[in-house]
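Taken together, the values in this text are just the output of simple stated rules run on the coordinates, not laboratory data. Quantities reported herein were computed from a predicted structural model and do not represent experimental measurements. Counting neighbours? That spans all protein chains shown, and the Cβs are built from the backbone with ideal geometry, glycine included.
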Amino acid sequence: MREVHSEDVAVQLAYARQVVFVPGYGMATAQAQHALRELATALEDRGVTVKYAIHPVAGRMPGHMNVLLAEANVPYSQLYELDQINPEFPSTDVAVVVGANDVVNPDARDNPNSPIAGMPIVEVDKARSVVVLKRGRGKGFSGLENPLFYKQNCEMLYGDAKDSIVQLAGAVRNA
Ligand code: NAP
């Protein structure tokens, strides 16, 4: 896994054309939704297009991500379901995974022997670059390894999701 620091991620984000955020259970535990909205606003102020990919089982209850993002006043028009957002990743500069793990595990698509084979995923690995916000090497609900984290185009930004996003928002404003 390749570690990256928030200053470098902020530059990637600030100069992107399109950024897609992929929230998961870790966004909920960190209560990072308000900070995420602020980061999105900082990017939009620079002309970056921001979208959110909503996996139907992200988090721990149906509609979990929608509820949290609505609470943070994220416009509904920026939320995209899998079949809408997956075709956009090849033309997305940066996919930012915010405390999600199982819902972005490419083994579900690529490894027929995986216990989650066939589960639809958010195909962040097809983005030009992927940044994963998580605290460390913790597994997701399934307890499975995630080969996404070892891919060439993927970098890890370690820390609590809210802390990382607050730092990113500050750095984007100063970029
Ligand atoms: P996930 O696979 O459970 O992964 C969450 C990740 O968040 C963890 O790997 C963890 O890594 C990270 N994390 C935890 N606290 C964090 C924090 N404060 N800051 C940053 N990162 C943090 O989550 P998911 O991708 O959303 O997938 C949901 C899973 O739950 C699926 O397997 C789904 O089937 C299952 N499930 C869903 C529902 C539902 O209705 N939505 C119901 C039951 C089960 P670190 O420990 O390294 O930080």
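Which three extents, in whole angstrom, do the alpha-carbon atoms of the chain cover along their principal axes, largest first?
Each principal axis gives a Cα extent; for the chain these are 46, 32, 28 Å.
At 0.36 nm per residue, minus the direct Cα-Cα distance, what do residue 70 and residue 153 gain on full extension? Give it in nm, one decimal, please.
Values: separation 83, 0.36 × 83 = 29.88 nm, distance 3.04 nm.
Difference between extended and current length: 26.8 nm.
When the dipole is taken about the Cα centre of segment 1-154, and only Lys, Arg (+1) and Asp, Glu (-1) are charged at their Cβ, what size is it in debye, to the nearest 20?
Values: 14 positive and 17 negative charges, 49 e Å.
My answer is approximately 240 debye.
By average Cβ neighbour count within 10 Å, what is the ranking of 18-25, 108-115, 151-158 from highest down? Numbers along the way, then the final one.
Numbers: 18-25: 25.4, 108-115: 13.1, 151-158: 17.4.
So the order, starting with the most tightly packed, is 18-25, 151-158, 108-115.
Angle, helix 161-174 long axis vs. longest principal axis of the chain, Cα atoms, 0 to 90°, nearest 10?
40
Please list, in order along segment 32-37, the HN-Hα scalar couplings obtained from phi with the Karplus expression 6.51 cos²θ - 1.76 cosθ + 1.60 (θ = phi - 60°), rounded to whole Hz, x for Gly and Pro.
Each residue's phi maps through the Karplus curve to give 8, 5, 5, 4, 5, 4 Hz.
I need to check one value: relative contact order of the chain, counting alpha carbon pairs closer than 8 Å and at least 6 residues apart, in percent. Before the final figure, lay out the partial values.
On the way: 349 pairs, mean separation 55.9, N = 175.
After rounding, I find 32 percent.
With point charges of +1 on the Cβ of Lys and Arg and -1 on the Cβ of Asp and Glu, referenced to the Cα centre of segment 42-175, which listed residue (95, 63, 133) lies farthest in the positive direction of the dipole?
Of 95, 63, 133, it is 133.
Provide the per-residue ³J(HN,Hα) series for segment 22-31, in order, calculated from phi with Karplus coefficients 6.51, -1.76, 1.60 and θ = phi - 60°, each as a whole number of Hz, with x at glycine and proline positions.
Taking θ as phi minus 60°, the curve returns 10, x, x, 3, x, 5, 5, 5, 7, 6 Hz for segment 22-31.
Using θ = phi - 60° and the Karplus relation 6.51 cos²θ - 1.76 cosθ + 1.60, list the HN-Hα couplings for segment 85-102 in order, rounded to whole Hz, with x at every Gly or Pro.
8, 4, x, 8, 5, x, 10, 9, 6, 9, 9, 10, 8, 9, x, 10, 9, 4
In whole Å, what is the distance between the alpha-carbon centres of segment 34-56 and segment 137-153?
Using only Cα atoms to place each centre, the spacing works out to 24 Å.
Ranked from highest to lowest mean number of other Cβ atoms within 10 Å per residue, what is the order of the peptides 160-171, 132-143, 38-49?
Numbers: 160-171: 21.2, 132-143: 16.0, 38-49: 17.7.
Highest to lowest by the protection proxy: 160-171, 38-49, 132-143.
If neighbour count is taken as other Cβ atoms inside 10 Å, put 34, 55 in order from fewest to most. If you can, show how the numbers build up before the last one.
Values: 34 17, 55 21.
Ranked by crowding around the Cβ, least crowded first: 34, 55.
Just want to confirm a number: the relative contact order over segment 38-118, from Cα pairs under 8 angstrom separated by 6+ residues, in percent. Please report the intermediate quantities before stating the final value.
Details: 51 pairs, mean separation 18.5, N = 81.
23 percent.
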